Each structure stands twice: as structure tokens, then as C-alpha cells.
Amino acid sequence: MAERKKTDPVVQDLPDFSEYRGVMIVIEQRDGIAKKVSWQLLGRGRKLADKLETELSALVIGDHVENLAKEAFYYGADKVYWCDAPELKDYRTRPYSRVCLHVIEEYKPEIVLIGATYTGRDLAGAIATHLPTGLTADCTELDVEPDPSRLLLASRPAFSEKMVATILCKQYKPQMATARAGVFEALPKDTSRTGELIKISNPMTESEIATRVLDFIQDEKRINLEDAEIIVSGGKGLGGPEGFKLLQQLADELGGVVGASRAAVDAGWIDHDHQVGQTGFTVRPKLYFAIGISGAVQHIVGMQNSDVIVAINRDPNAPIFKLANYGIVGDLFHIVPAIIEAVRMKRA
Ligand code: FAD
């Protein structure tokens, strides 16, 4: 997008937001381990901050999470706000949003970005409503216009995912967005990086918090596609739900998880939690198998950033072969058992 001049009506219409500066990423963690999307957002935030010639900060909230504050520097932050307290051990909307509001009101970042996870969506909504400001949820692209407008260009699928809309928040600050995991790339971890650490006191005491976390019950069936390093995905070519049992065997052998195309999900062969693509998860594994998947554009947008892609398809003209690093033409029901056998033999 071309740079706007000061005389541009959009710029002239903007309120004076000169006291707001900087890009801030809210780091999501569970049990002291950060969600990958937080580091990916720091990678993107670094680019946005450099374009705006401003600083990149991270907000780390939790209990005994000093290690994450250090890691935020390693992944690109110039400054880290760190709020550590026993009451913040587990995510709860009110205390976490109060810390965020306190930091935003005190330090006035012009852009605040949060991962579009279940927790991130809850937190971002609570903050934006309270401030109030606009929030563009579930973004798949983030950019900025440099001075003089300094607008965040927050893009996301719209109109039943048929179009990509770029949404601007012109009248309020900070500009806020949540972004999908796997869309952006984290910077390489640089353990020599450091920066300014600012300790934030927890604004709420336990007696002021109405909710209590009693227990976490692990959903045994729920898989984590976003953080998986190996994904074995299947599509309509599997011919039915039984085909996914074969893919599960391969995934188990490789220490990976099973993904799926929408056609397989729509057919009811596997749960939506496994869907990769425009209306599913965006993934970035080290190794991605596309088995019996044709390679429709809506699938490809969800997995094209995988390090290595292996496609297995009986149609030599299937579009997935254009993207794949390794392509095997043939019947998946012959090829997949042969790969499982080969992996087992290698291990024996
Ligand atoms: P098909 O296109 O039917 O391909 C099946 C493939 O299997 C074929 O290439 C065939 O040659 C091969 N095959 C068949 N039998 C065998 C065999 N025995 N051995 C080897 N190969 C075999 N799709 C997604 O995946 N994710 C999304 O998030 C998504 N979102 C969408 C959003 C919108 C708004 C729209 C309109 C569509 C979306 N789609 C999405 C659907 C997408 O357009 C395709 O329809 C879908 O990806 C096709 O799935 P598939 O490749 O499994 O099936």
C-alpha cells in the first residue's frame, strides 16, 4: 500500500495519538511454557515495529515466569513487562485483563497483538471492550502504514471466507488484533539478546477475584495441530473413516498427529479439530504428509509453510505435487503401509 501524505483525508481525520507508541505482544503461557503463536507474533511484531521505527515490547503474565520474560528478549522484544504473582498462575479473564489494562493505560502501546487461541480470544475481547477500542479477530495477515497514519492493517477472511478484508481502527488506540497460530514465523532464538525488563505489580488480590480454578481435565481426544512438528493429514482419497486408522499408525510411528482436509471432515470421517486450511488450523510443522489430498487452495493456505511436504496421491496431476518437496504417485493403501514398515525396520 502506498504511503499516505499528511494531506490525505484519512490522516487529517485521525485524532492526535502521538502519546501512543510501540507494538506490544501479550505472551500466552500454560505452566510456564509459552504458546508458539506468541513467539510467532513477536517475529511479526518486530517487522511492524521496525517499519514504524518504534519499540517492540512483550507482556508476560503468570507465576514464576521470569524465564519467559528472558525468552521474549531472545525472540525479538526490546522491552518486557513482567507481572508475576501466585494469583496469576492460571489464566482467569478478570485478573489477566486487569494486568493488560494497567500496562496499556500506563505505557500506551499503539498496537496490541494477541494469539487467536481460546484464551487469547477471551482476553482480547475483555481488554478491547473495557478500553474501549476496536479489535480485529483471527487475522491471517498484519501490516502497518508508516508515518503519518501509523495504521494497523489487520486482514482476515470475511463473507464466509470467500474474501480477505483489511480492517482499520482509525478512531481509537491501541489498535488491537488477534492472529492465528502458524501464520507468522518466529525469529531464530538469539540467546545473546536482552533488553529493558519492567516489573509490574499485580493490581488484584485473590479476594477481589470472583472465579477459582479448581482443576484442569485433559481432553484426551483433543489434539494440538498448531504446535505439532509432524502432521500426517488425510483427505477424501482415504475413502472413509477407516483410512484414518492407517494414518494414525503412521503418525504414532513418527511421533506426529493426524490432520485432515475439509472434505474428509465434512464427510464426517474425522473431527473438525483435525482440519487444516482456511477454515481449519494454519500449521507450520517440520514434516507434513498430504495423503489422498488434491491440494485445493483452501487446504494449501493452511499448510504451505511446513518445512518439508510429502504428498501421496494416485493422480500425477494433483495440484498438491506442485507444492510438495517429495511426491509419491500411487495408491495410498499400498504406500502408507510400506512407509510404516520401513520406519519400524529402521527403528528395530
Ligand atoms: P478431493 O479434492 O476430492 O481430493 C481427493 C484426492 O485423493 C484426489 O486428488 C485423488 O486423486 C486422491 N485419491 C483418491 N484415492 C486415492 C488413493 N487410493 N490413493 C492416493 N490418492 C487417492 N479444504 C480444506 O482442506 N481445508 C479448509 O480449511 C477448507 N476451507 C474451505 C473454505 C471455503 C470457503 C471453501 C469454498 C472450501 C474450503 N475447503 C477447505 C474445501 C476445498 O476447496 C476442497 O474441496 C478440499 O480441500 C478437498 O479435499 P480433498 O483434497 O481431501 O478432496
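Take TYR118 and tell me if it is at pLDDT below 95 and of a type in the set (Phe, Trp, Tyr). Explain how you work it out, then say what you get.
On the way: at pLDDT below 95: yes; of a type in the set (Phe, Trp, Tyr): yes.
So TYR118 fits the description; yes.
Somewhere in segment 329-348, is a residue under 22 Å from the mean Cα position of the chain (by Cα) and of a type in the set (A, V, I, L, M, F, W, C)? Even if it seems obvious, please write down each step before you answer.
We begin by selecting, within segment 329-348, every residue under 22 Å from the mean Cα position of the chain (by Cα); these are none.
Scanning segment 329-348, I find no residue that is under 22 Å from the mean Cα position of the chain (by Cα) and of a type in the set (A, V, I, L, M, F, W, C), so the answer is no.
Checking GLY120 against (1) within 16 Å of the ligand (Cβ to nearest atom); (2) closer than 24 Å to ALA34 by Cβ, only one condition comes out false. Which one?
Condition not satisfied by GLY120: (1).
Just one of (1) over 16 Å from ILE230 (Cβ atoms); (2) more than 27 Å from the chain's Cα centre (by Cα); (3) among the charged types (D, E, K, R) trips up LYS322, so point out which.
So the condition that LYS322 fails would be (2).
The rows are residues; the columns are (1) over 21 Å from LYS170 (Cα atoms); (2) without any contact (Cβ under 8 Å) to a residue 12 or more places away in the chain; (3) in contact with a Leu (Cβ under 7 Å, 6 or more places away or on another chain).
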{"position": "LYS108", "(1), (2), (3)": "no, no, no"}
{"position": "LEU113", "(1), (2), (3)": "no, no, yes"}
{"position": "ARG121", "(1), (2), (3)": "yes, no, no"}
{"position": "PRO132", "(1), (2), (3)": "no, no, no"}
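The values are calculated or read from the model by the stated rules, or taken from the named source; none is laboratory data. Computed from a predicted model, the values in this text were never measured in an experiment. Glycine also receives a Cβ, built like all others from the backbone with ideal geometry; neighbour counts cover every protein chain displayed.
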